[in-house]
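The values are calculated or read from the model by the stated rules, or taken from the named source; none is laboratory data. None of the values given here were measured: they were computed from a predicted structure. For neighbour counting, all protein chains shown are included, and Cβ atoms are generated from backbone atoms with ideal geometry for every residue, glycine included. Side chains included, ligands, DNA and RNA excluded: accessible areas come from the protein's heavy atoms. Shrake-Rupley method; radii C 1.70, N 1.55, O 1.52, S 1.80 Å.
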Amino acid sequence: RLNLYLASMEERRKNPDRAEAYLWEIVEYVPPEQLDAQGLAETGLILQAQGFDSARPYLERLLRDFPARPPTGAAYYGLARVALAEGDLPEARRQLDLFRSESPMHPLAGEATLLQAEVLTQSGQTDRAIEVLEDLLRLREHRGRPHARALLGIARAHEAAGDPRKAVAFYQRVYTAYRAYPELLEPAYMRSA
């Protein structure tokens, strides 16, 4: 619990590396059966983000042991990311549908929307992906980086649909309007070129 608290404090202070170090200590020293819902969610997501197969047991334990707790949304989101990484698009879609029905107001809702659009694009449903991302662009609470990522997603969907002119227009919007996010500028410049 102390490490979870310290990790959240470091996140607020904009020290993601230190926050991650506290979470890795939990993974290293605390068995999953001794973690509460928040601990399972945080450690499962950090493992998934790093590409470790051991993320699935943490997230599944969260759903099994704490089915009615708010962090279960993180489990659905994490399992959707695991399924997408494994190339299982129907399972990723199913987990995102569960996220939407069980935890629509979860703090990861914007991330889940971006992931849903990625799954739809990879499934060949580019029109639906664009529609989902345009809905995200209308939400004020997701301004900034989520909007820039949504524009990148729309550009990728247009590119996947075989419409490079529209794709380039959206890539250009990213690097003209969102210069504050350099990690998003590189893919925008590269893909538009």
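Before moving on, here are some points about what is shown:
- Considering helices alone, the calculated mean residue ellipticity of the chain at 222 nm is -23500 deg cm²/dmol, with DSSP H runs of length four and up weighted by -39500 (n - 2.57) and normalised per residue.
- The residues K14, K166, sorted by heavy-atom accessible surface at 1.4 Å with ligands and nucleic acids left out, run K14, K166 from largest to smallest.
- Per residue, the accessible area of region 44-193 comes to 54 Å², computed with a 1.4 Å probe over protein heavy atoms only.
- C-alpha center-to-center spacing [region 1-19, region 90-155] in angstrom: 27 Å
- Principal-axis tilt of helix 109-122 within the chain, Cα atoms, nearest 10 degrees: 60 degrees
- In terms of the mean number of neighbouring beta-carbon atoms within 10 Å, the peptides 133-142, 46-55 order highest first as 46-55, 133-142.
- Using alpha-carbon coordinates, inclination of helix 55-65 to the longest axis of the chain, degrees: 60 degrees
- For the chain, carbon and sulfur atoms together expose 50% of the accessible surface, with a 1.4 angstrom probe and every protein chain in place.
- Rounded to the nearest 10 degrees, the angle from helix 126-137 to the longest Cα principal axis of the chain is 70 degrees.
- Taking all protein chains as they are arranged and a probe of 1.4 Å, the heavy atoms of I154 leave approximately 0 Å² accessible to solvent.
- Percentage of interatomic Cα-Cα distances in region 90-168 larger than 21 Å: 24 percent
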